[in-house]
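A quick write-up on the structure given underneath.
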Amino acid sequence: MAMDDVLPLQPNPGIAQPAPLSGDGLKAPASGPGTSSGEPFDVVLREQLLQSAPPQEQASVRFSTHAQQRLQQRDITLGDEDVAKINDAVNRAHEKGAKESLILLDDMAFVVSVKNRVVITAVDQPSLKQNVFTNIDSVVIA
């Protein structure tokens, strides 16, 4: 077959075509599924990087108003080391795909929303007896 016999390829309408190159040789941003309309690229990139960041680079756990009330009512005092252990436990739960975890730390228990990194409630040793924890998918011993 001679080179004269080869026909040029025509775009297939059923297949997405590559984005045109801009003047600097980079592809122009796509507009379609998976892109945000109107949001600057750097904002979208920053959001994606934060979502995919390793847990140790994510923010520290927060305590819900309910959890703060329980800490006060039950006279539970957490030091920096305790909070660091809770953070580590949340990171480990996140790595395993957990969504709602019960974290056992010394003689205390914490129900945590892993995705939101929020402690939902705190329970001390006397309150642990006869208690039933529901809506959790994992337990982490810190």
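The values are calculated or read from the model by the stated rules, or taken from the named source; none is laboratory data. If you're wondering where the values come from, they're calculated on a predicted model, not measured in any experiment. Backbone-built Cβ (ideal geometry, glycine too); neighbour counts: all protein chains shown.
It is to be established whether one or more residues within the range 86-93 are closer than 15 Å to Ile141 by Cα, among the small types (Gly, Ala, Ser) and either at pLDDT 95 or above or surrounded by 14 or more Cβ atoms within 10 Å (Cβ to Cβ) (or both).
Yes.
Does any residue of the range 11-34 turn out to be within 22 Å of the chain's Cα centre (by Cα) and at pLDDT below 75? Among the residues of the range 11-34, at least one is within 22 Å of the chain's Cα centre (by Cα) and at pLDDT below 75, which makes the answer yes.
Taking the range 68-89 as the range and being free of Cβ contacts under 8 Å to residues at least 40 places away in the same chain and out of contact with any Asp or Glu (no Cβ under 9 Å at 6 or more places or on another chain) as the test, the residues that pass are Gln68, Gln69, Gln72, Gln73, Thr77, Leu78, Gly79, Asp80, Glu81, Val83, Ala84, Asn87.
For the range 116-142, which positions are surrounded by 12 or more Cβ atoms within 10 Å (Cβ to Cβ) and within 21 Å of Thr65 (Cβ to Cβ)? Once the filter is applied, which keeps residues that are surrounded by 12 or more Cβ atoms within 10 Å (Cβ to Cβ) and within 21 Å of Thr65 (Cβ to Cβ), the range 116-142 yields Asn116, Arg117, Val118, Val119, Ile120, Thr121, Ala122, Val123, Asp124, Ser127, Phe133, Ile136.
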